[in-house]
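Peer 1: The structure that follows is given in the form of structure tokens.
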Amino acid sequence: MSVKSQPQNRAGRVPEAVHGTSDFIVVSNRLPVDRVPVEESDDGWRRSPGGLVTALAPVMATRDGAWVGWHGAPDESLEPFHHDGMDLIPVPLSSDEVELYYEGFSNASLWPLYHDVIAPPEFHRTWWDAYRRVNMRFAEAAAESAAKNATVWVQDYQLQMVPRYLRQLRPDLRIGFFNHIPFPPPEIFAQLPWRQAIINGLLGADLIGFQRPNDTANFLRSARRFLGASVKAQQVHVKEGDGTISHIARAEPFPISIDATQIQKLAARPDIVARAKQIREDLGNPKTILLGVDRLDYTKGITHRLKAYGELLKDGIITVEDAALIQVASPSRQRVESYRLLREEVEGMVGRLNGQFDSIQNTAVRYLHHSYPVEEMVALYLASDVMLVTSLRDGMNLVAKEYVAARSDNTGALVLSEFTGAADQLKQALLVNPHDIDGLKATIVRAINLPRTEASRRMRAMRKQILSHDVQRWSEDFLTTLHNEAVRDDR
């Protein structure tokens, strides 16, 4: 499956005669499996939920694929193993590296910087050193496992140096990179002390994918500004130190989507339909159920949503007898201080709203600080009349797309932040600026009172878009473009 501990020449490259056996490799921070008790699985692993795994599993099966990533436990090394049709190559991380590379540079430097500095980023050289070191380890694992002329697809902001390192190790490879979160404008990206290195890292890829056209434009503008790169028609001529062109890197938007077929099938299951009915009954069968589903993250605009909802209750425009809010806030990065403070703020707001507006029979906010299986999420989508997505900045937001896919009867309304990537595709949603609390309140009221014919027309158009642009199409579009770009480059 992979070649272990191959010697490198003085240039830092794996000798050309040394190759692995995998024709297609995905590299991501985490492997697509979760560890479970042995009684739940023969080998102690279960495939992780999520669209990326769903999209790439068929490609893995047909192209002798392997997946490189951390298995989730620090200070533990595992040998490569096979699970559910995929070769899995674990990359070990120490506890210090999890703290410095992941919690530090990835999520306290890059994440806030790339999300328009909603929270202030921190820049520490020790974090940066760990980030580079871990990225090299991921690149080496992929280089050792890849067959000659294989395709390697690197995923997301934690691994932005991998394309450059991988090209240095294995120039024969076809390399793609996809950034799942926004890419900031140059005026914000300029704050990063290691901005040139990050851009050089990404330019090691043949194809760099982003969620939105604006993200693509931001990256290309940064390449021009901070590297003096020659950019033409979304292509960057990448030069070696001596000025010769090594390859052409292309940047292009590829908006990610969901496994719409799976969501539709779940939404039609009798047990899930019955569960949706039970949820409404448990809430006292209010006229309207509002739903928010987010990771507990400061980019999601949860406090803005609660503030708008609370003011609607205070103003008497809605009552707890007529409208209830379910807020699912799944745990996220609980060891990072800004996330701990956010949890305290959100739970304090929920407590005050419930204390002020609850009745014996009705609750203003049903707050759920848990992660739920997809079956329960679909039941929540079916039970809810209005979906509230109020992100302050979001690469895509797949929850919005899942809600639409689940509404097979074309009922329901989607209130969607214009600062999400999903707003580019779901233009028939009720778009809103979540910073405008009065505007958000008015849009929520409009969604609650949306005429059935208008709601049906909007939902039908959004469903058509999602069903024709699912996650399988996303992966096919990216890999086809990567292949074509590499062929043009070879010429």
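The values are calculated or read from the model by the stated rules, or taken from the named source; none is laboratory data. Only a predicted model underlies this, so the values are computations on that prediction, with no experimental measurement involved. Methodologically, a virtual Cβ is constructed for each residue, glycine included, from the backbone with ideal geometry; neighbour enumeration extends over all protein chains shown. Surface accessibility is based on the protein's heavy atoms, side chains included, excluding ligands, DNA and RNA. Shrake-Rupley method; radii C 1.70, N 1.55, O 1.52, S 1.80 Å.
Peer 1: What tally of residues in segment 359-368 results from selecting those that are closer than 19 Å to residue 316 by Cα and either in a helix (DSSP H, G or I) or in contact with a strand residue (DSSP E or B) (Cβ under 9 Å, 6 or more places away or on another chain) (or both)? Talk me through it step by step, then tell me what you get.
Peer 2: As a first pass, look at segment 359-368 and keep what is closer than 19 Å to residue 316 by Cα: 359-365.
Filter once more, so that each one left must be either in a helix (DSSP H, G or I) or in contact with a strand residue (DSSP E or B) (Cβ under 9 Å, 6 or more places away or on another chain) (or both): 362-365.
Summing the residues that are closer than 19 Å to residue 316 by Cα and either in a helix (DSSP H, G or I) or in contact with a strand residue (DSSP E or B) (Cβ under 9 Å, 6 or more places away or on another chain) (or both) in segment 359-368 gives 4.
Peer 1: Continuing with the same structure: For segment 384-483, which fully contained helices (runs of 4 or more DSSP H) count at least 1 residues that are of a type outside the set (Val, Ile, Thr) and under 29 Å from residue 155 (Cβ atoms)? Step through it out loud before you land on a result.
Peer 2: Numbers: elements: 398-406, 422-425, 437-448, 452-468.
By residue number, 398-406, 422-425, 452-468.
Peer 1: Please verify whether segment 181-202 includes one or more residues that are more than 23 Å from the chain's Cα centre (by Cα), assigned to a strand (DSSP E or B) and either crowded, with 22+ Cβ neighbours inside 10 Å or without any contact (Cβ under 8 Å) to a residue 40 or more places away in the chain (or both).
Peer 2: There is no residue in segment 181-202 that is more than 23 Å from the chain's Cα centre (by Cα), assigned to a strand (DSSP E or B) and either crowded, with 22+ Cβ neighbours inside 10 Å or without any contact (Cβ under 8 Å) to a residue 40 or more places away in the chain (or both).
Peer 1: Is one or more of the residues making up segment 390-398 at negative phi, among the β-branched types (Val, Ile, Thr) and modelled with pLDDT of 95 or more?
Peer 2: yes
Peer 1: Sticking with this one: Take the residues of segment 95-109 that are open to solvent by less than 10 Å² (accessible area, probe 1.4 Å) and more than 14 Å from the chain's Cα centre (by Cα): which is farthest from residue 70 (Cα to Cα)?
Peer 2: Initial filter on segment 95-109 (open to solvent by less than 10 Å² (accessible area, probe 1.4 Å)): 101, 104-107, 109.
Next, only the ones that are more than 14 Å from the chain's Cα centre (by Cα) stay: 101, 104-105, 109.
On the way: 101: 12, 104: 16, 105: 17, 109: 20 Å.
Among those that are open to solvent by less than 10 Å² (accessible area, probe 1.4 Å) and more than 14 Å from the chain's Cα centre (by Cα), it is 109.
Peer 1: I'd like to check something: does segment 277-284 contain any residue that is farther than 30 Å from residue 312 by Cα and in a helix (DSSP H, G or I)? Outline the logic, then answer.
Peer 2: Within segment 277-284, the subset farther than 30 Å from residue 312 by Cα is none.
No, there is no match, as no residue in segment 277-284 is farther than 30 Å from residue 312 by Cα and in a helix (DSSP H, G or I).
Peer 1: Are any residues in segment 322-355 assigned to a helix (DSSP H, G or I), under 28 Å from residue 374 (Cβ atoms) and open to solvent by 50 Å² or more (accessible area, probe 1.4 Å), and if so, which ones?
Peer 2: If the condition is that a residue be assigned to a helix (DSSP H, G or I), under 28 Å from residue 374 (Cβ atoms) and open to solvent by 50 Å² or more (accessible area, probe 1.4 Å), then 340, 343, 347 are the ones that fit.
Peer 1: Then there is this: Can you tell me which residues in segment 386-442 are closer than 20 Å to residue 304 by Cβ, of a type in the set (Asp, Glu) and either open to solvent by 20 Å² or more (accessible area, probe 1.4 Å) or touching an Asp or Glu at 6+ places or on another chain (Cβ under 9 Å) (or both)?
Peer 2: 418, 436, 438
Peer 1: Right, something else. Considering every residue within segment 115-138, establish whether at least one is of a type in the set (Lys, Arg), out of contact with any Lys or Arg (no Cβ under 7 Å at 6 or more places or on another chain) and under 30 Å from residue 62 (Cβ atoms).
Peer 2: Going through segment 115-138, the residues of a type in the set (Lys, Arg) turn out to be 125, 132-133, 137.
Now drop any that are not out of contact with any Lys or Arg (no Cβ under 7 Å at 6 or more places or on another chain), which leaves 125, 132-133, 137.
This time we only want the ones that are under 30 Å from residue 62 (Cβ atoms), so: 137.
Yes: segment 115-138 contains one or more residues that are of a type in the set (Lys, Arg), out of contact with any Lys or Arg (no Cβ under 7 Å at 6 or more places or on another chain) and under 30 Å from residue 62 (Cβ atoms).
Peer 1: Take the residues of segment 280-303 that are at pLDDT 95 or above and under 10 Å from residue 326 (Cα atoms): which is surrounded by the fewest Cβ atoms within 10 Å (Cβ to Cβ)?
Peer 2: 289
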